Amino acid sequence: MRDLELDLDVFSGPFDLLLTLVLREEVDLLEVELADVVLSYIDVLEARGELDLEVATEFLVLIAALLELKSRLMLPRDGEDELAELEPGDAAEELLARMLQARRYRRAAGIGPRS
């Protein structure tokens, strides 16, 4: 994941930094083309010539969380739907909570770094 460098219209740099900036609301998730992020990741996979399942799993979890969060932000807000009422700050907190939960699951499964 650390090797994934992105060059998007609204951001240029490592994927980890993009996640941090989205969580801090310094980059608007609605302006990030997640398809371009996925295509960049596929390019990195092709260049390596091999698939690291741990890294691929981590990427899929993170991109899925970003896609879900972005889709929630794009939906019209309904007074009845609790999820549609997420403010950007709350959405960032939800993404962080899901990322931490995924990290705990990976650790429990013995996948990924122990830091």
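A few points about this structure:
- Number of residues in the range 1-35 that are assigned to a loop (DSSP other than H, G, I, E, B), surrounded by fewer than 18 Cβ atoms within 10 Å (Cβ to Cβ) and within 12 Å of the chain's Cα centre (by Cα) equals 2.
- Filter result for residue 38 (among the β-branched types (Val, Ile, Thr) and either touching a Pro at 6+ places or on another chain (Cβ under 7 Å) or at pLDDT below 80 (or both)): no
- Residue in the range 57-74 that is part of a loop (DSSP other than H, G, I, E, B), of a type outside the set (Ser, Thr, Tyr), at pLDDT 85 or above and surrounded by 13 or more Cβ atoms within 10 Å (Cβ to Cβ) present: no
- Leading residue by the ranking (nearest to residue 73 (Cα to Cα)) among those in the range 39-49 that are open to solvent by 50 Å² or more (accessible area, probe 1.4 Å) and in a helix (DSSP H, G or I): 39
- Hey, residue 9 at pLDDT 85 or above, on the phi < 0 side of the Ramachandran plot and among the acidic types (Asp, Glu) or not: no
- A search for C-beta distances below 6 Å between a residue of the range 52-66 that is over 12 Å from residue 37 (Cα atoms) and any residue that is among the hydrophobic types (A, V, I, L, M, F, W, C) and open to solvent by 50 Å² or more (accessible area, probe 1.4 Å), counting only pairs 6+ apart in sequence or on different chains, returns 54/111.
- Filter pass, residue 52 being modelled with pLDDT under 85 and surrounded by fewer than 16 Cβ atoms within 10 Å (Cβ to Cβ): yes
- Pair list, Cβ under 6 Å, 6 or more apart: the range 90-106 residue part of a helix (DSSP H, G or I), other residue open to solvent by less than 50 Å² (accessible area, probe 1.4 Å) and modelled with pLDDT of 80 or more: 91/69; 92/23; 95/65; 95/69; 96/23; 98/65
- Subset of the range 88-115 (residues that are open to solvent by 90 Å² or more (accessible area, probe 1.4 Å) and either touching an Asp or Glu at 6+ places or on another chain (Cβ under 9 Å) or at pLDDT below 75 (or both)): 114, 115
- Of all residues in the range 17-35 being within 17 Å of residue 87 (Cα to Cα) and of a type in the set (A, V, I, L, M), the one that is modelled with the lowest pLDDT: 23
The values are calculated or read from the model by the stated rules, or taken from the named source; none is laboratory data. Computed from a prediction, not measured in an experiment: that's the story for all the values here. Heads up, the Cβs are rebuilt from the backbone with ideal geometry, glycines too, and the neighbour counts pull from every protein chain shown. Keep in mind that these areas ignore ligands, DNA and RNA; they rest on the heavy atoms of the full protein, side chains included. Shrake-Rupley method; radii C 1.70, N 1.55, O 1.52, S 1.80 Å.
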